[in-house]
Amino acid sequence: PKTVITYGTFDLFHVGHLNILKRLKEKGDRLIVAVSTDEFNAVKGKKPIVPFEQRIEIVRAIKYVDMAIPEDNWEQKRTDVDKYDVDVFGIGEDWKGKFDDLEDKVEVYYLPRTDGISTTELKRVLSNF
Ligand code: C2G
(Lines give C-alpha, C1' and ligand atoms only; values in the text may rest on other atoms or scores of the structure.)
Protein backbone atom coordinates (compact mmCIF):
# COMPACT_ATOMS: atom_id res chain seq x y z
CA PRO A 1 0.00 0.00 0.00
CA LYS A 2 1.11 3.51 -0.85
CA THR A 3 2.40 4.76 2.49
CA VAL A 4 2.46 8.37 3.71
CA ILE A 5 4.33 9.54 6.82
CA THR A 6 4.27 12.76 8.81
CA TYR A 7 5.72 14.05 12.09
CA GLY A 8 4.51 16.42 14.78
CA THR A 9 3.74 17.23 18.40
CA PHE A 10 -0.07 17.32 17.99
CA ASP A 11 -0.55 19.08 21.35
CA LEU A 12 -4.15 20.05 22.23
CA PHE A 13 -5.29 18.24 19.08
CA HIS A 14 -7.32 20.66 16.93
CA VAL A 15 -8.83 21.04 13.47
CA GLY A 16 -5.52 22.22 11.98
CA HIS A 17 -4.01 18.86 12.91
CA LEU A 18 -7.12 17.06 11.66
CA ASN A 19 -7.05 18.83 8.29
CA ILE A 20 -3.44 17.96 7.50
CA LEU A 21 -3.90 14.33 8.51
CA LYS A 22 -7.04 14.13 6.34
CA ARG A 23 -5.19 15.64 3.35
CA LEU A 24 -2.13 13.47 3.84
CA LYS A 25 -4.26 10.30 3.97
CA GLU A 26 -5.69 11.28 0.56
CA LYS A 27 -2.16 11.03 -0.91
CA GLY A 28 -1.94 7.28 -0.31
CA ASP A 29 -3.53 4.21 1.24
CA ARG A 30 -1.82 4.16 4.63
CA LEU A 31 -0.87 7.07 6.92
CA ILE A 32 1.77 6.76 9.61
CA VAL A 33 2.10 9.59 12.14
CA ALA A 34 5.24 10.00 14.25
CA VAL A 35 4.33 11.87 17.42
CA SER A 36 7.10 13.85 19.13
CA THR A 37 7.93 12.51 22.59
CA ASP A 38 8.13 14.93 25.54
CA GLU A 39 11.93 14.55 25.54
CA PHE A 40 12.19 15.35 21.82
CA ASN A 41 9.88 18.34 22.29
CA ALA A 42 12.42 19.68 24.78
CA VAL A 43 15.00 19.40 21.97
CA LYS A 44 12.55 21.24 19.68
CA GLY A 45 12.14 23.92 22.35
CA LYS A 46 8.47 23.02 22.87
CA LYS A 47 6.74 22.21 26.16
CA PRO A 48 3.45 20.46 25.35
CA ILE A 49 0.48 20.70 27.72
CA VAL A 50 -0.64 17.12 26.98
CA PRO A 51 1.78 14.30 27.85
CA PHE A 52 3.12 12.12 25.03
CA GLU A 53 1.15 8.99 26.00
CA GLN A 54 -2.11 10.96 25.69
CA ARG A 55 -1.08 12.79 22.50
CA ILE A 56 -0.24 9.53 20.72
CA GLU A 57 -3.45 7.86 21.99
CA ILE A 58 -5.52 10.71 20.51
CA VAL A 59 -3.65 10.53 17.18
CA ARG A 60 -4.21 6.74 17.06
CA ALA A 61 -7.96 7.37 17.43
CA ILE A 62 -8.11 9.61 14.36
CA LYS A 63 -9.80 7.70 11.51
CA TYR A 64 -7.21 8.89 8.91
CA VAL A 65 -4.33 7.43 10.94
CA ASP A 66 -3.30 3.81 10.39
CA MET A 67 -0.30 3.76 12.71
CA ALA A 68 1.29 6.12 15.21
CA ILE A 69 4.91 5.84 16.34
CA PRO A 70 7.12 7.96 18.62
CA GLU A 71 9.33 10.66 17.15
CA ASP A 72 12.36 11.00 19.40
CA ASN A 73 15.00 12.62 17.20
CA TRP A 74 15.52 14.68 14.03
CA GLU A 75 17.38 11.91 12.18
CA GLN A 76 14.83 9.08 12.29
CA LYS A 77 12.92 10.25 9.18
CA ARG A 78 15.53 8.70 6.85
CA THR A 79 15.43 5.34 8.61
CA ASP A 80 11.65 5.42 9.10
CA VAL A 81 11.05 5.71 5.35
CA ASP A 82 13.00 2.46 4.85
CA LYS A 83 11.65 0.74 7.96
CA TYR A 84 7.99 1.36 7.03
CA ASP A 85 8.45 1.24 3.23
CA VAL A 86 7.21 4.83 2.92
CA ASP A 87 6.41 6.45 -0.46
CA VAL A 88 5.39 9.94 0.61
CA PHE A 89 6.57 12.38 3.29
CA GLY A 90 4.27 15.33 4.05
CA ILE A 91 4.19 18.14 6.58
CA GLY A 92 2.87 21.68 6.98
CA GLU A 93 4.46 24.40 4.87
CA ASP A 94 5.87 26.02 8.01
CA TRP A 95 8.62 23.44 7.37
CA LYS A 96 8.94 24.24 3.65
CA GLY A 97 12.31 23.17 2.30
CA LYS A 98 13.53 21.68 5.58
CA PHE A 99 13.16 18.04 4.54
CA ASP A 100 14.01 18.25 0.81
CA ASP A 101 16.94 15.91 1.50
CA LEU A 102 14.39 13.08 1.67
CA GLU A 103 13.54 13.61 -2.03
CA ASP A 104 16.03 10.91 -3.06
CA LYS A 105 13.82 8.36 -1.27
CA VAL A 106 10.23 9.64 -1.18
CA GLU A 107 7.88 12.27 -2.60
CA VAL A 108 8.06 15.32 -0.32
CA TYR A 109 5.01 17.57 0.16
CA TYR A 110 4.59 20.78 2.19
CA LEU A 111 0.89 21.46 2.69
CA PRO A 112 -0.80 24.76 3.59
CA ARG A 113 -1.55 25.19 7.29
CA THR A 114 -5.10 25.80 8.54
CA ASP A 115 -5.56 29.48 9.32
CA GLY A 116 -6.91 30.80 12.60
CA ILE A 117 -5.99 27.85 14.77
CA SER A 118 -2.81 26.87 16.57
CA THR A 119 -1.86 25.38 19.90
CA THR A 120 -0.17 28.67 20.79
CA GLU A 121 -3.42 30.56 20.08
CA LEU A 122 -5.48 28.04 22.08
CA LYS A 123 -3.12 28.39 25.05
CA ARG A 124 -3.39 32.21 24.85
CA VAL A 125 -7.20 32.12 24.79
CA LEU A 126 -7.34 29.56 27.60
CA SER A 127 -4.90 31.57 29.73
CA ASN A 128 -7.49 34.37 29.97
CA PHE A 129 -9.68 32.28 32.28
N1 C2G B 1 -0.63 22.31 11.36
C2 C2G B 1 -1.46 22.84 10.38
N3 C2G B 1 -2.23 23.90 10.68
C4 C2G B 1 -2.20 24.45 11.91
C5 C2G B 1 -1.37 23.92 12.91
C6 C2G B 1 -0.58 22.83 12.61
O7 C2G B 1 -1.50 22.35 9.23
N8 C2G B 1 -3.00 25.52 12.17
C9 C2G B 1 0.21 21.16 10.99
C10 C2G B 1 1.70 21.48 11.05
O11 C2G B 1 2.10 22.15 9.87
C12 C2G B 1 2.30 20.09 11.19
C13 C2G B 1 1.22 19.33 11.98
O14 C2G B 1 0.01 20.10 11.90
O15 C2G B 1 2.45 19.48 9.90
C16 C2G B 1 1.60 19.15 13.44
O17 C2G B 1 1.86 20.44 13.97
P18 C2G B 1 2.83 20.55 15.25
O19 C2G B 1 2.34 19.62 16.29
O20 C2G B 1 3.03 22.00 15.57
O21 C2G B 1 4.18 19.95 14.63
P22 C2G B 1 5.68 20.47 14.83
O23 C2G B 1 5.91 20.79 16.28
O24 C2G B 1 5.91 21.50 13.81
O25 C2G B 1 6.52 19.12 14.57
O26 C2G B 1 10.11 16.61 12.79
C27 C2G B 1 9.02 17.48 12.50
C28 C2G B 1 8.44 18.08 13.74
O29 C2G B 1 8.21 17.08 14.72
C30 C2G B 1 7.15 18.81 13.39
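The values are calculated or read from the model by the stated rules, or taken from the named source; none is laboratory data. Everything quoted here is computed from the prediction, not taken from an experiment. Methodologically, a virtual Cβ is constructed for each residue, glycine included, from the backbone with ideal geometry; neighbour enumeration extends over all protein chains shown.
A few points about this structure:
- Region 1-27 - residue that is farther than 17 Å from Gly92 by Cα and touching a strand residue (DSSP E or B) at 6+ places or on another chain (Cβ under 6 Å) and, of those, farthest from the ligand (Cβ to nearest atom): Pro1
- Conditions (1) without any contact (Cβ under 8 Å) to a residue 60 or more places away in the chain; (2) surrounded by 12 or more Cβ atoms within 10 Å (Cβ to Cβ): number failed by Thr79: (2)
- Candidate set: region 93-129, residues that are aromatic (Phe, Trp, Tyr) and assigned to a loop (DSSP other than H, G, I, E, B); chosen: the one surrounded by the fewest Cβ atoms within 10 Å (Cβ to Cβ): Phe129
- Residue in region 28-40 that is nearest to the ligand (Cβ to nearest atom), counting only those that are over 17 Å from Asp87 (Cβ atoms) and crowded, with 19+ Cβ neighbours inside 10 Å: Ser36
- Those residues of region 50-76 which are exposed (fewer than 13 other Cβ atoms within 10 Å of the Cβ) and more than 12 Å from the ligand (Cβ to nearest atom), in sequence order: Pro51, Glu53, Ala61, Lys63
- Residue in region 83-95 that is at pLDDT 95 or above, within 13 Å of the ligand (Cβ to nearest atom) and more than 17 Å from Val33 (Cα to Cα) present: yes
- Near pairs, Cβ below 7 angstrom, 6+ apart or cross-chain, from region 106-129 (hydrophobic (A, V, I, L, M, F, W, C)) to any residue that is part of a loop (DSSP other than H, G, I, E, B) and within 13 Å of the ligand (Cβ to nearest atom): Val108/Phe99; Ile117/His14; Leu122/Leu12; Leu122/His14
- Looking only at region 97-129, and only at residues there that are among the β-branched types (Val, Ile, Thr) and in contact with a strand residue (DSSP E or B) (Cβ under 7 Å, 6 or more places away or on another chain), the one that is farthest from the ligand (Cβ to nearest atom): Val106
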